[in-house]
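Q: Pasting a structure here, questions to come.
The values are calculated or read from the model by the stated rules, or taken from the named source; none is laboratory data. In this text, all values refer to a predicted model and were calculated from it rather than measured experimentally. Here the Cβ is made from the backbone with ideal geometry for all residues, glycine too, and neighbour counts use every protein chain on show. The area values use the complete protein model at the heavy-atom level, side chains included, leaving out ligands, DNA and RNA. Shrake-Rupley method; radii C 1.70, N 1.55, O 1.52, S 1.80 Å.
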Amino acid sequence: MDWLTLGGLVSWEVARYIIKALCDGLKSNYKPLLKRLKALKRVAVKIVSRPPTHVVNNNLIVVNHSDFKSPAEFKKFLLSLTGDDSMPASRRVKVLGVKGNRLLKFINSQKGKESISSVLRPHIPPADLRALEASLLMREYFKAHKDGVEDIKADIIERFGDRGRRIANLCTAGYFENLVSLCKENCDTPEGQAKFKSIYEMIISQEAFAVFVTGSMSEDQTEYAVVKKTASNMIYGKKYVDIHGIGTSNVKKINTVLKRLSKDSGFSKVKETEIFHESKSLVFIRLKF
Amino acid sequence: MSSLGNIITFEDDDDTKKAVLAAFDLEVNDNKIIVSSKTKEPALTPEGLEVPLSKFEGIWPGSLKLVRSDIVSLMDLADSAH
């Protein structure tokens, strides 16, 4: 037991009392301990099944629920910490798993950074917006922690289905940044909003069989993506590949890659090119084989 | 209560989860779904979803609604505090 750590926060008398109470175990009266705990500032409580109850540092006390005389005593202890019905809900203490608390802290740390979702909010369905917000959190969580995204993606798919999966894939690929640009260019008129919504729905519905070209992709990577997607589409019986690009540099990249592929005898012969949208800053085409 | 901050955490193992649930008169049925100990009816999230023990991640303050471990439930919890 680290006397110095605990003594740094509270008086030695209180520290000695708490440590003695913890060493005696909570099999005796827990109320004096509770009274002393309430006197401490910024102390967190963590419930465990092992190890025994102990103080970790100035801010955390670990409480083993089986150290109490009975489950009923533990219940009294926990409910006295969480507050009762007379207290406003906003002041009552939440009880959260360690993993959930970590994710909740991360979610709160991202508040105020919702530039993508705030632009698209008026123009995409509410469920899509929620899936997008979750996908953006997933992307940022991966940047910060380098793992845990499989669980988050599974949550998105469970909650929002295949459409959620597509949104998560598009978000991970950085394509929603392109959609924000498109929205900003078009969504200040009713006609532009309708055009944006039409393009948006096309993107979501075609996600599985399309290549979405972003600024982070080189010409070689774009060419590889088109070849790979064409091959996988064929396996599913789809004799086409859709290619999407937003922004002048992406459009230029796509045009360059298409010229290269037209000269590549190893690439499937294109029978027809269907153009959904084509301009200097936007290209959605379908290559049919 | 402000001296304790506003979150009590618990380890995510089944024993600890069950002890926390019991303190709120909740238990796990044969299908591993969390139910009221009194009525045996499933305890729900604010969206009306059932919660298997494996996805139990907390108690919503003031209403005994449960928190699931999925990202959207935690986003809802974060939004409710703002």
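Q: If you average the C-alpha positions of the stretch B:37-77 and of the stretch A:60-136 separately, how far apart do those two centres end up, in angstrom?
A: 11 Å
Q: I need the per residue convex hull volume for the stretch B:10-82, using only the alpha carbons, in cubic angstrom as a whole number.
A: In the stretch B:10-82, the Cα convex hull volume per residue is 89 Å³.
Q: In percent, how large is the relative contact order of the stretch A:182-289, given Cα pairs closer than 8 Å and 6 or more residues apart?
A: 24 percent
Q: Oh, and also: Need one value: the accessible area of A:ASP264 in square angstrom, 1.4 angstrom probe, rounded to the nearest 10.
A: Near enough 60 Å² of accessible area.
Q: Taking H as built 1.01 Å from N, whose amide H comes closer than 5 Å to the amide H of B:LEU66, not counting residues under 5 places away?
A: For B:LEU66, the qualifying residues are B:LEU44, B:THR45, B:TRP60.
Q: A follow-up question, please. If you take the Cα atoms of the stretch A:240-289, find Rg, then find the Kirkwood Rh from the mean of 1/r over all pairs, what is Rg/Rh? Could the numbers behind the result be given before it?
A: Numbers: Rg = 10.7 Å, Rh = 11.1 Å.
Reported Rg/Rh (Cα atoms, Kirkwood Rh): 0.97.
Q: Now for a separate question. Please list the non-local residues whose amide H lies under 5 Å from the amide H of B:ILE7, H modeled 1.01 Å from N, same-chain partners needing a gap of 5 or more.
A: Amide H neighbours of B:ILE7: A:LYS94.
Q: Could I ask something else about it? Taking θ as phi - 60°, what are the ³J(HN,Hα) couplings along the stretch A:178-189 by the Karplus curve (6.51, -1.76, 1.60), each to the nearest whole Hz, with x for Gly and Pro?
A: 5, 5, 4, 4, 4, 5, 4, 6, 10, 7, 8, 10
Q: Right, next: Any idea of the total accessible area buried by the B-A contact, 1.4 Å probe, rounded to 100 Å²? Show your work: numbers first, answer last.
A: Details: alone 5750 and 17180 Å², together 18620 Å².
Chain pair B/A: roughly 4300 Å² of buried accessible area.
Q: Non-local amide H neighbours of A:ALA44 (under 5 Å, H modeled in plane, Pro and chain starts lacking H): which ones?
A: Under 5 Å from the amide H of A:ALA44 lie the amide H atoms of A:LEU60, A:ILE61, each far enough along the sequence or on another chain.
Q: Using protein chains only and a probe of 1.4 angstrom, how many square angstrom of A:LEU258 are accessible, to the nearest 10?
A: About 40 Å², ignoring ligands and nucleic acids.
Q: Treat every Asp and Glu Cβ in the stretch A:141-283 as -1 and every Lys and Arg Cβ as +1, leave all other atoms uncharged, and give the resulting dipole magnitude about the Cα centre to the nearest 20 debye. Display every interim value, and only then the final one.
A: Numbers: 22 positive and 20 negative charges, 86 e Å.
Charge dipole of the stretch A:141-283: 420 debye, to the nearest 20.
Q: Could you work out the relative contact order of the stretch A:212-253, using alpha carbon pairs under 8 angstrom and six or more residues apart, expressed as a whole percent? Mind dumping the intermediate values first?
A: Working: 27 pairs, mean separation 22.5, N = 42.
Value for the stretch A:212-253: 54 percent.
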